[in-house]
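Here the structure comes first, spelled out in structure tokens, and everything after it is commentary.
The values are calculated or read from the model by the stated rules, or taken from the named source; none is laboratory data. On a predicted model such as this, the values are computed, not experimentally measured, just so you know. A quick note on method: Cβ atoms are made from the backbone with ideal geometry, for glycine too, and the neighbour counts reach across all protein chains shown. Note: areas computed on protein heavy atoms with side chains; ligands, DNA, RNA excluded. Shrake-Rupley method; radii C 1.70, N 1.55, O 1.52, S 1.80 Å.
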Amino acid sequence: MLGADFCAAHFVWATDDDLDVFADSGSVAATCPGSNLRLCAGIARVRDLMARGGRQAFGTDNISFSDDD
């Protein structure tokens, strides 16, 4: 299932093994920092993934940092 045409949203709770497999597959991790912080879902390990040669993207997931839209 993983490959260059696969994109995983959020990707917050990845283990070291997950990061290794994901980076080796060429898949993209799309992190939505605003959503993750607003919902207290955690902080993605962006630097760890990129240090392994993994691909990273950022999104908004339609959740703002405040209650004003």
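One residue alone among Cys32, Cys40 is over 23 Å from Asp5 (Cβ atoms) and modelled with pLDDT under 95, and that residue is Cys40. Scan region 49-59 for residues that are open to solvent by less than 60 Å² (accessible area, probe 1.4 Å) and not aliphatic (A, V, I, L, M) and the total you get is 4. Of the residues making up region 9-40, those that are of a type in the set (Gly, Ala, Ser) and either surrounded by 15 or more Cβ atoms within 10 Å (Cβ to Cβ) or in contact with a helix residue (DSSP H, G or I) (Cβ under 7 Å, 6 or more places away or on another chain) (or both) are Ala14, Ala23, Ser25, Ser27, Ala29, Ala30, Gly34, Ser35. Residues in region 21-45 that are in contact with a Gly (Cβ under 9 Å, 6 or more places away or on another chain), of a type outside the set (Gly, Ala, Ser) and farther than 14 Å from Asp61 by Cα: Phe22, Asp24, Val28.
Of all residues in region 1-15, those satisfying the criterion of being touching a residue at least 12 places away in the same chain (Cβ under 8 Å) and either in a helix (DSSP H, G or I) or under 18 Å from Ala41 (Cα atoms) (or both) are Ala8, Ala9, His10, Phe11, Val12, Trp13, Ala14.
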